[in-house]
Amino acid sequence: MNVPTIPIEERRTTFNEVEEGFTIEQAVAEANRCLQCKEPKCVKACPAGVDIPGFIKAFREGDVVKAVTIIRERNFFPSICGRICQHEKQCEGNCVLSKTKEGSVCVGGIERFIGDNAPFPKRTNLVGKKVAVIGSGPSGLAVAAYLSQIGMHVTVLEGTNAFGGVIKYGVPEFRLPKKIVARELAGLNSLGIDFEPNAKIDEECLESISKRFDAVFIGTGVGKPRILSVPGSSLKGVMSAMKFLININQSNIPMIEKNEKVLVVGAGYVGIDAARSAVRLGGEVTCITIDSEKKAFENVSLKDYEEAKEEGVKFIFDARVKEILGSEKVEGAIYSNHVEGKIECTKVICAIGQEHDEDTLKSPIRTGEKGCVAVNENYQTIIGNVFAAGDCVHGPKTVIHAIDAGRKASQAIIRYLDEKIANEEMGIHKIDEKTKMKQKIDLSNKDI
């Protein structure tokens, strides 16, 4: 059973959430379809390894609290991931019922229902340790949630005035309503987490913070859109997809006029979100991608493409933009897919990926490839009590990958602090990673 959606006419003209969600009867009926496989392929396909049969069993037995507890052991945000996770390509795509007439169990719909109707967890006894989380995206919020839940004092430092990162400003309202994110943030606040907006943190501040807190986690994402390097890319009317989505989500600045012709370059999730948003603003939208139609469907779920097409987005596959036309502002674009073509447009929205920004905060620890923050197997940077995970470490990935990385980093922080307490009680003082690295450098420079 698919999650019910609002009428297509309403989808084309409003930012109302497309999927209405299951009723209790629909959710239970769908949960009853689960076969409770002994070797569940759905669990192996989930990036976070959520015990899907376990939470479905608890739910259909009427224990919503147990069901949400099982989910949150691996994924703290079921209401969010139940809406935007790639279920079709992961858990649902690997369900043993996927080849049947009825299709896969709708794991995402059940997960969403549980998240929307379950209470938020309570905080346990305070343990006295202080942890700073820099960045309030999915990985940072996951770290904050898991550590505060066991009683640590967590402070989230966010460089902007809005918390939530990509889930707040990068995902359109019709896929993830802001009220859902706000509810999750309110739940985190109830765990005793301190949120500090507009925190300006640079290299010097990082060193100071690492001394003031027992541990520091960095989850600042990537932050910088890739630029389309073709003639005319600096014309007025060319913008990044993230800038376009942020303006809609935060400032309510549409940037698209009714009946305006819009070209979206790139057909990944961000490109599709931008194209569908432009349609809702009244634009006539064409989405162009260098991928074949088959490859494009592999990158983004078929459901998203089908919904985009239903809403009026046109696609050009196997094509590359060669030039953006115009004198001062955009008047069209030339593309090539075996033969050269021209498309009329007055706005070009670029969604060709993101790369690491150059903020000074990460300078001391950005020693990985392509500007990534380098960490060891315990998510530690070269500064012993500074940890990092998510997109700033491995580059752009999905929300569930960031949440899972944050969960694993929180476990590493707990182990680090437990070991530190034990060592201090025994009078043992360990050499941190930065000191070890300096020693290695010194030894390599000595004459033998």
### Message
Given the criteria modelled with pLDDT under 95, closer than 20 Å to residue 153 by Cα and crowded, with 17+ Cβ neighbours inside 10 Å, does residue 190 qualify?
### Response
no
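The rows are residues; the columns are (1) in contact (Cβ under 8 Å) with a residue 60 or more places away in the chain; (2) of a type outside the set (D, E, K, R); (3) more than 20 Å from residue 12 (Cβ to Cβ); (4) touching an Asp or Glu at 6+ places or on another chain (Cβ under 8 Å).
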residue	(1), (2), (3), (4)
256	yes, yes, no, no
265	yes, yes, yes, no
273	yes, no, no, no
278	yes, yes, no, no
283	yes, yes, no, yes
288	no, yes, yes, no
291	no, no, yes, yes
306	no, no, no, no
311	yes, no, no, no
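With respect to residue 58, determine if the residue is within 27 Å of residue 174 (Cα to Cα) and not assigned by TED's automatic domain parsing to the domain that holds residue 171.
no
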### Query
For the stretch 200-230, what are the residues that are surrounded by fewer than 19 Cβ atoms within 10 Å (Cβ to Cβ) and touching an Asp or Glu at 6+ places or on another chain (Cβ under 7 Å)?
224, 226, 230
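A quick yes/no check of all residues on (1) in contact with a His (Cβ under 6 Å, 6 or more places away or on another chain); (2) more than 21 Å from residue 65 (Cα to Cα); (3) at pLDDT 90 or above:
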residue: 114; (1), (2), (3): no, no, yes
residue: 124; (1), (2), (3): no, no, no
residue: 133; (1), (2), (3): no, yes, yes
residue: 139; (1), (2), (3): no, yes, yes
residue: 149; (1), (2), (3): no, no, yes
residue: 157; (1), (2), (3): no, yes, yes
residue: 169; (1), (2), (3): no, yes, no
### Query
What number of residues within the stretch 22-66 are over 25 Å from the mean Cα position of the chain (by Cα), of a type in the set (Lys, Arg) and loosely packed, with under 14 Cβ neighbours inside 10 Å?
1
### Query
Can you find a residue in the stretch 383-402 that is assigned to a helix (DSSP H, G or I), free of Cβ contacts under 8 Å to residues at least 40 places away in the same chain and crowded, with 19+ Cβ neighbours inside 10 Å?
yes
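For residue 236, state whether it is under 20 Å from residue 329 (Cα atoms), in contact with a Lys or Arg (Cβ under 6 Å, 6 or more places away or on another chain) and basic (Lys, Arg). Quick ask: steps written out before the conclusion?
On the way: under 20 Å from residue 329 (Cα atoms): yes; in contact with a Lys or Arg (Cβ under 6 Å, 6 or more places away or on another chain): yes; basic (Lys, Arg): yes.
Judged against the criteria, residue 236 is a match.
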### Query
List pairs: first in the stretch 333-348 and without any contact (Cβ under 8 Å) to a residue 24 or more places away in the chain, second of a type in the set (Gly, Ala, Ser) and surrounded by 14 or more Cβ atoms within 10 Å (Cβ to Cβ), Cβ under 7 Å, 6+ apart or cross-chain?
336/319; 337/319; 342/332
### Message
Can you report the number of residues in the stretch 168-191 which are under 18 Å from residue 21 (Cα atoms) and either of a type in the set (D, E, K, R) or assigned by TED's automatic domain parsing to the domain that holds residue 274 (or both)?
### Response
6
### Query
Which residues, counting only those in the stretch 263-308, are part of a strand (DSSP E or B) and among the β-branched types (Val, Ile, Thr)?
264, 265, 285, 286, 288
### Query
Is there a residue in the stretch 114-136 that is surrounded by 21 or more Cβ atoms within 10 Å (Cβ to Cβ), in contact with a helix residue (DSSP H, G or I) (Cβ under 7 Å, 6 or more places away or on another chain), within 22 Å of residue 409 (Cα to Cα) and among the polar types (S, T, N, Q)?
no
### Number of the exception - residue 256 against (1) part of a loop (DSSP other than H, G, I, E, B); (2) modelled with pLDDT of 95 or more
(2)
### Task
Can you confirm whether the stretch 175-183 contains a residue that is closer than 30 Å to residue 276 by Cβ and in contact with a His (Cβ under 6 Å, 6 or more places away or on another chain)?
no
### Residue count for the stretch 339-386, restricted to those that are out of contact with any Gly (no Cβ under 9 Å at 6 or more places or on another chain), at pLDDT 90 or above and farther than 30 Å from residue 284 by Cβ
8
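The values are calculated or read from the model by the stated rules, or taken from the named source; none is laboratory data. As the structure is a computational prediction, the values presented were derived from the model and not from experiment. Ideal geometry is used to build each Cβ from the backbone, glycine not excepted, and the neighbour counts take in all protein chains shown.
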